[in-house]
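To start, the structure under review is shown below, and the notes come after it.
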Amino acid sequence: LNVTEEKFVLDTLAGCIEYKSLLDVVVNAFFVRDGRYCLVSERNLYIVICYLATFQLEDLGLQHFSRIVKSLDIAKMQKFLRFFFNALYLNTWIKDEWSQFYDSLYVKENWIDPLLRWQPKVQQLIGQLTDKLNNRATTVKTSTVTQPKEFNLTVPKRRAIPIPLPIPVLEKRRPVPPSTYKPPKEKKQLEEIKTKNRQKAEDLLLKANANQFRCAAIKPEKGEGTFLTGKEVVPFLPQYLEAVWELVLRQYFEELQIDNIPIKLNAAAILREGALYQRIMEQELKRIENLLRGAGDPSEFLEWQKQMRGKDLEEQLAEIECRRLQGKLSHEEAVLAHQNVIQENKKKADLMREEKAELMHQYAEKRLQEQKEMRELVEQVVEGHKNAKQAKIKLQKYKQQIVQEVCEENRELLRQALEEEEEKLRRRYELIQQIRAIESLPSIRHKFVDLTETGGHGLICEMSIVELRERLALLKEAQKAAEEEKRDQIIHEKQAKEQLLLEKLDQISLFRAELGRAAALKQEEKKRKSQSGERPMKDERILNLQKKIVEKAMQRKKQAGFL
């Protein structure tokens, strides 16, 4: 190469090393997206083309750049240039990735904008490469094609037209029964029963609220601070307890009144229902005792509870506001930290440039030193050729002397090895003779075992087989006794549990009988009121809603008729 070409090659190599991080971003993305089937060994080719297009296109010019591209593989260059000079890629992810290494404004002004200016002209170059690919693909040598000739075959006779088969008539299918599209009657009946039971429970609730237990109410004729005594409370107890039981267990009676289906209770259900009745009874008794003792109005407690909840809400709102401000402060700190990182990256980049320049200078000095050493080495080799003949004779004599010494050492080592092997064979023969003599002696084949003796190993826990069997028998008897005791205990616990369940069943039957009697009395009273002509007044909102429902139903029916 001449001086100009050598300088261009060295500048290109240095630039590829300096901007390796930027070029790797583009080339790696090319191999992932469009260059999945390209060879990895061609990576340096794409790096050089990317460097020339990004940093040297202004100096080279489009003509020299086109000449370099066309001298390479057309298909590879067309695919890479189409990928790299995509305006969408340059403005989006390429710009963002390069901005991680350099300032975004510097990247846009010095690299992205020039590439976008050259993009239309490079597109013309890509079009030329595409046309060459198409022409190369279409230019195929045409060869003479064999023209086939028809066989001289006998013309077959025309076949007779077959008689058409009669079309089979399908049987008339049964229509779908109308009950398929209608809900079952049982479901409607269940809904009506639930609605009636809910209405009954609401009436009971209204009545209980109207006739609630007023043991702590102030009588105007007795003055302020006077309460009802225990004797005055007694007449109201049956009515109050009746309303409470009906309100708490109305859901239970909803399920109980549906078709009067008997339900078989297991042990868990019996205990659960018994615990429910016991807990309700204890709560009501405790409440009645508090009222008899003169419990006051809980409005003050409710007001205090409301104030405390308000304070808690204010504290929560203050805590939320503090968290929001802390998040805003963290955001500001993060922005500042990001700016500091960018400045540090700039300083590191400047320092790396200086280090690279120093390394290139050291590399040039090292190359000059190596060339100087190579010249000196060549001179020494030329000088050494003059004395090669004398050195060869000396070397031959030295090798002969070494060979003689090695042969003598080998003979001595072989003699020592033979002596050692003979000694090993002699010892092995003597050992075999001793083993055969021992084997020829008669041996005692029968061994007598005494079950009452120990092993004689000198251990504290040693015992004979007879003692071991006796201890095992004692352990089995103890285990059997423990099992019998456990079985008796389980039987007693089971009997106690059955007795408890029977008691709970008796208690549940009493409660159900009382609740059923109260419900029957309530039903009779309601029937008497309905027969006497007393009808409860309904709320205006309920009437309005019912009217609207009727109107909507009529409109729906009309619309259904039109449809």
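The values are calculated or read from the model by the stated rules, or taken from the named source; none is laboratory data. All values derive from a computational prediction rather than experimental measurement. A quick note on method: Cβ atoms are made from the backbone with ideal geometry, for glycine too, and the neighbour counts reach across all protein chains shown. Areas reflect the complete protein model, heavy atoms only, side chains present, ligands, DNA and RNA absent. Shrake-Rupley method; radii C 1.70, N 1.55, O 1.52, S 1.80 Å.
List of remarks:
- Segment 351-403 shape via C-alpha gyration tensor axes, a/c threshold 1.5: oblate
- Scaled against the 2.2 N^0.38 Å expected of a compact globular protein of N residues, the Cα radius of gyration of segment 373-468 reads 3.03.
- Overall shape: rounded for segment 3-137, with the ratio a/c of the largest to smallest alpha carbon gyration tensor axis below 1.5.
- Accessible area expressed per residue, segment 412-500, with surrounding protein chains retained (probe 1.4 Å, Å²): 102
- Inter-label distance, residue 527 to residue 145: 10.3 nm, where each label sits 7 Å from its Cα along the C-beta direction.
- FRET efficiency estimate (nearest 0.05) - Cβ-Cβ, residue 13 to residue 390, R0 41 angstrom: 0.30
- Computed extension gain for residue 487 through residue 71, at 0.36 nm per residue and net of the alpha carbon distance, reaches 139.8 nm.
- Fraction of accessible area attributable to carbon and sulfur, segment 3-137 (%, probe 1.4 Å): 55
- Cut-off 12 Å between beta-carbons: net charge of the residues surrounding residue 20, Lys and Arg +1, Asp and Glu -1: 0
- Solvent-accessible surface of segment 3-137, taken per residue with a 1.4 Å probe and all protein chains present: 55 Å².
- Residue-span extension gain [residue 367 to residue 189] - 0.36 nm each, minus C-alpha spacing: 53.6 nm
- The slack between residue 128 and residue 351, meaning 0.36 nm per residue of separation minus the straight C-alpha distance, is 75.9 nm.
- Label-to-label distance for residue 415 and residue 293 is 12.1 nm, based on points extended 7 Å past Cα in the beta-carbon direction.
- Solvent-accessible area assigned to carbon and sulfur over segment 344-478 amounts to 58 percent, based on a 1.4 Å probe.
- As a calculated quantity, the FRET efficiency between residue 381 and residue 121 at R0 = 51 Å, using C-beta atoms, amounts to about 0.40.
- The mean sequence separation of alpha-carbon pairs under 8 Å and at least six residues apart, normalised by the residue count of segment 3-137, gives a relative contact order of 27 percent.
- Highest mean packing comes first when the peptides 265-272, 478-485, 196-203 are listed by Cβ atoms within 10 Å, giving 196-203, 265-272, 478-485.
- Ranking of 50, 461, 38 by solvent-accessible surface, largest first: 461, 38, 50 (1.4 Å probe, protein heavy atoms only, all chains present).
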